[in-house]
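What follows is a single structure, written as structure tokens, with notes after it.
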Amino acid sequence: MSDVVDAIIGQWVKERPDLVGDLWPVELFGRIQRLGLTVDRMVKATAAEHGLDVGEFDVLTTLQRSGPPYALTAGTFLKASMVSSGTITNRIDKMEAKGLVERVRDGADRRTVKIHLTERGHEVTRAAFADHLAKYTLLLADLDRELVEDAANGLRSVLEALGDTSIK
């Protein structure tokens, strides 16, 4: 069985036979990119079903999984994402207008502002994340669970080798 990545490699083999020995990384990275596109489409659709964009969904799930008191600084989001501080500010402004989060000054240090998940934010997150997991399951429904676990373990090893070992 072959896929689009095999076809792409075949094209490169014809075009640049001198690079045949150097094409092996495309086997992995090409498939990761294609898988990423498939998952991105699903995540965008799921978020939209709940009146969110992907960035908002990310903020909500980050707050929810942080545990009580479900509050983090904007700086924490800035470090965890690859967007500008202006983007984070705009995202939080939008989410605050929707009643999903609120800005709360830290009692100990009034200069510190934390983004706090509201009750409405909890409700939306619970529903959106449940749908998100259900759709992940649907995407993988035709695959053997052991194959998925082996792929996940292999990708963990690749990420560890590349130095991606902790949440920043």
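The values are calculated or read from the model by the stated rules, or taken from the named source; none is laboratory data. As the structure is a computational prediction, the values presented were derived from the model and not from experiment. Cβ coordinates were reconstructed from backbone atoms using ideal geometry, including for glycine residues, and neighbour counts include every protein chain displayed. Accessible surface areas use protein heavy atoms only, side chains included; no ligands, DNA or RNA. Shrake-Rupley method; radii C 1.70, N 1.55, O 1.52, S 1.80 Å.
Overview of values
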item	result
Partners for K98 among lysines (Cα-Cα distance below 19 Å; same-chain residues under 8 apart left out)	K44, K114
Given charges at Cβ of Lys, Arg, Asp, Glu: region 11-153 dipole, positive-most of G21, V43, T118	T118
Cβ-placed point charges (K, R +1; D, E -1), dipole of region 28-120 about Cα centre in debye, nearest 20	220 debye
Extension reserve of the D40-W24 stretch, reckoned as 0.36 nm per residue once the Cα distance is removed	3.3 nm
Solvent-accessible area per residue, Å², over the chain with all protein chains present [probe radius 1.4 Å]	68 Å²
Region 50-168 - percent of accessible surface contributed by carbon and sulfur, probe 1.4 Å	57 percent
Built amide H within the under 5 Å cut-off of T73, gap 5+	I115
Which label in (i) 109; (ii) 121; (iii) 166 gives the computed volume of the Cα convex hull per residue in Å³	(iii)
Nearest 10 degrees, 0 to 90: helix 119-140 Cα axis against the chain principal axis	10 degrees
Simple Cβ-charge dipole of the chain, Lys/Arg +1 and Asp/Glu -1, about Cα centre, in debye nearest 20	880 debye
For region 32-168: relative contact order, % (alpha-carbon pairs under 8 angstrom, 6 or more apart)	24 percent
Solvent-accessible surface (1.4 angstrom probe) belonging to L140, in square angstrom, nearest 10	80 Å²
Helix 54-65 vs. the chain, principal-axis angle (Cα, 0 to 90°, nearest 10)	70 degrees
Proximal aspartates and glutamates relative to K94, as straight alpha-carbon distance under 19 Å, when same-chain residues fewer than 8 apart are discounted	E49, D53, E56, D58, E102, E119, E123
Accessible heavy-atom area order of R65, R91, R34, highest first, probe of 1.4 Å	R65, R34, R91
Probe 1.4 Å, all protein chains present, accessible-area order of V83, V43, largest first	V83, V43
